[in-house]
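Chemist: Mind having a look at this structure? Questions to follow.
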Amino acid sequence: MDENIAISATDARRLVSKLLNAPIAPGNYSHFINVGTDHILDALDQNYFRGELADGLGCFKYLEGDYGSGKTQFINSLARRASEQSIVTALVTVGADCPFNSPAAIFTAIMESFQPPVDEENAEEKGIEVLIDRWIVRRIRQLGAEPGDDVPELVQRQIEQQIGGLWKGAPDPQMAAGLTVLTQRLLKLRCGAKEAVSDTELVAWVRGSNIRSNGLKNLGLFEPVRDDNAFRRLKTAIAFLRTRIGYRGFMIAFDEGTRTSSFRRGSVKQKQAIENLLTMINQNAEGEFGGVMFVYAATPDFRSDVISTYRALQDRIGTKAFSRGSPQVPLINIEDANSEEVIHSIGRRLLAVFSKAYGVTWENQVQLDNMSELLSAQRAVLFETPKPRYFVYQFCRFLNQQREKQHRITPQYARDFVSNNEPPLESDNP
């Protein structure tokens, strides 16, 4: 195919494996097959990742799209853009593990999901302790040494000075103390010290685990995270990572998936979830987080059934959707980026991925005609152009058969294939 794609054969095989195993966005590989939203990604990249976040300014984006329209795909692709500009990312799925009515659950999910930028080693590891550890390794090397037993004392002292000591005026003094101690301890480990049992407790406490111990009390850490201190602790963590360690910005995304009806309309839990969202939006706008892009992704019924009943939230999101002429509005409608032309482009991209993965030389016109037949069959079943999720699920299975023996298919073959390869029921990831 004439579709150029900068992916190795190994990564292409991993991507194909992910697509064949589950009908969801393929995580860190999403950007390889992302089509139709580059104009949005470019604008967000230019305005925020290369500009405002590094200046300490924050923003909020509300991403809307139906099931299977590509919200998770878009978030992963946006995270890739952020990471390439040395922005820390955290992608959180709202659901049983992170009910949005609990600030403590939100805090813990973010602490566990923090991921270093792609230019750092082992960037697929996650957690706030990973961010701190990667920074320590980088600083040791910048100062002319290598992690291990031979790090000069002068290098250690320089890094300790940058970490700083007592943080007066921190939004949450206990979190400030915990982060300082954890960073000092990780520095010692990178300079040859042995790990202690208390290190595991310290990491768990900083991540938000409900843990108490005498060892933590000796460090001044008396209380685990609670709903009433969670947002202060999140602000403290963001400020520590920005000012003491020097990470230049953050993208924190919440993907609601199929959870729009998690809470009964008008229930106490739903009201608390909306209040939590408003708190993050308002306090971020006032500069209390500093350098954070918050993204919240949900289906259209969330806006029509929930947001419309909360005037304050409706005012924050607005009704005017993102466009090239207004890139800074909060609302991004992913449906606007989907069309039959986009579906065809995704298909050509998938042909290129399979070609790179397995060394297949496609009979171009045969496969383009086959794709058109499958699309016609899908439209007949769905009574509309298929969503990207639906198309990708079936087309990947089709290509996996065709790579063994290519042949032109008939309309009847296409209808049978579509009928016999129904995607599973909606998962938590659209």
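Chemist: Which numbered condition in (1) of a type outside the set (Val, Ile, Thr); (2) under 14 Å from the mean Cα position of the chain (by Cα); (3) outside any helix (DSSP H, G or I); (4) closer than 24 Å to Cys396 by Cα is the only one that Lys61 fails?
Modeler: (4)
Chemist: Could you pull out the residue among Leu41, Leu53, Leu91 that is among the aliphatic types (A, V, I, L, M) and in a strand (DSSP E or B)?
Modeler: Answer to the selection: Leu91.
Chemist: Exactly one of these conditions fails for Glu84: (1) modelled with pLDDT of 85 or more; (2) out of contact with any Asp or Glu (no Cβ under 8 Å at 6 or more places or on another chain); (3) surrounded by fewer than 20 Cβ atoms within 10 Å (Cβ to Cβ). Give me its number.
Modeler: The single condition Glu84 does not satisfy is (2).
Chemist: Suppose we filter the stretch 225-235 for residues that are closer than 11 Å to Ala176 by Cβ and over 21 Å from the mean Cα position of the chain (by Cα); how many remain?
Modeler: Final tally of qualifying residues: 1.
Chemist: Could you check, for the stretch 108-121, whether at least one of its residues is open to solvent by less than 10 Å² (accessible area, probe 1.4 Å), within 16 Å of the chain's Cα centre (by Cα) and at pLDDT below 95?
Modeler: yes
Chemist: Taking the stated definitions as given, is Ile346 of a type outside the set (Lys, Arg), farther than 23 Å from Lys61 by Cα and at pLDDT 90 or above?
Modeler: yes
Chemist: Ok, one more. Being in a helix (DSSP H, G or I) and more than 13 Å from the chain's Cα centre (by Cα) is the requirement here; does Ile75 meet it?
Modeler: no
Chemist: Could you figure out which of (1) part of a helix (DSSP H, G or I); (2) over 19 Å from Ala230 (Cα atoms); (3) in contact with an Asp or Glu (Cβ under 8 Å, 6 or more places away or on another chain); (4) open to solvent by 10 Å² or more (accessible area, probe 1.4 Å) isn't true of Gln158?
Modeler: (3)
Chemist: I've got another one for you. Please identify the pairs in which a residue from the stretch 132-148 that is over 24 Å from Ala239 (Cα atoms) has its Cβ atom under 7 Å from the Cβ atom of a residue that is acidic (Asp, Glu) and open to solvent by less than 70 Å² (accessible area, probe 1.4 Å), counting only partners at least 6 apart or on another chain.
Modeler: So the pair list comes out empty.
Chemist: Give the stretch 61-73 a look and list any residue that's of a type outside the set (S, T, N, Q), open to solvent by less than 10 Å² (accessible area, probe 1.4 Å) and farther than 23 Å from Asn276 by Cβ, or say none.
Modeler: Listed by number, the list holds a single entry, Gly68.
Chemist: So which residues in the stretch 204-238 are in a helix (DSSP H, G or I) and at pLDDT below 95, if there are any at all?
Modeler: Asn214, Gly215, Leu216, Lys217, Asn218
To keep it simple, each residue is scored yes or no on (1) surrounded by fewer than 20 Cβ atoms within 10 Å (Cβ to Cβ); (2) over 34 Å from the mean Cα position of the chain (by Cα).
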| site | (1), (2) |
| --- | --- |
| Lys356 | no, no |
| Glu363 | yes, yes |
| Val366 | yes, yes |
| Met371 | no, no |
| Ala377 | no, no |
| Leu382 | yes, no |
| Thr385 | yes, no |
| Val392 | no, no |
| Tyr413 | yes, yes |
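Chemist: Given the structure, is Thr89 open to solvent by 50 Å² or more (accessible area, probe 1.4 Å) and of a type in the set (S, T, N, Q)?
Modeler: No: the conditions fail for Thr89.
The values are calculated or read from the model by the stated rules, or taken from the named source; none is laboratory data. This one's a predicted model, so the numbers in the text were calculated from it and none came from an experiment. Ideal geometry is used to build each Cβ from the backbone, glycine not excepted, and the neighbour counts take in all protein chains shown. These accessible areas exclude ligands, DNA and RNA; they are computed on the full protein's heavy atoms, side chains included. Shrake-Rupley method; radii C 1.70, N 1.55, O 1.52, S 1.80 Å.
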